[in-house]
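Let me begin by presenting the structure, written as structure tokens, before commenting on it.
Taken together, the values in this text are just the output of simple stated rules run on the coordinates, not laboratory data. Model, not experiment: these values are computed from the prediction.
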Amino acid sequence: MPDTIINELWEIKDSIAREHGYDIDALVAHLDTKKRPESQPVVNLRAKKEAAERSAPVDADKPRR
């Protein structure tokens, strides 16, 4: 069964690329004009991973003696 969400995203991506002649510089310039609303949160996955690693026990996988 095809994934309709992924197919729709690919169609949108292809449409935007086609509108800008598949030129990466034109695509970047176009995307730079798009601004994230201030109310939209940004998730920093690297910071989440680092925080999880800091809070994990150092020798969690080694047996205790």
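In order along the range 34-41, the Karplus-derived 3J(HN,Hα) couplings, from 6.51 cos²θ - 1.76 cosθ + 1.60 at θ = phi - 60°, round to 7, 10, 7, x, 4, 6, 8, x Hz, and Gly and Pro are given as x.
Using 0.36 nm per residue, how much length does the chain from residue 53 to residue 31 gain when fully extended, once their Cα-Cα distance is taken away?
Details: separation 22, 0.36 × 22 = 7.92 nm, distance 3.33 nm.
Full extension from residue 53 to residue 31 adds 4.6 nm.
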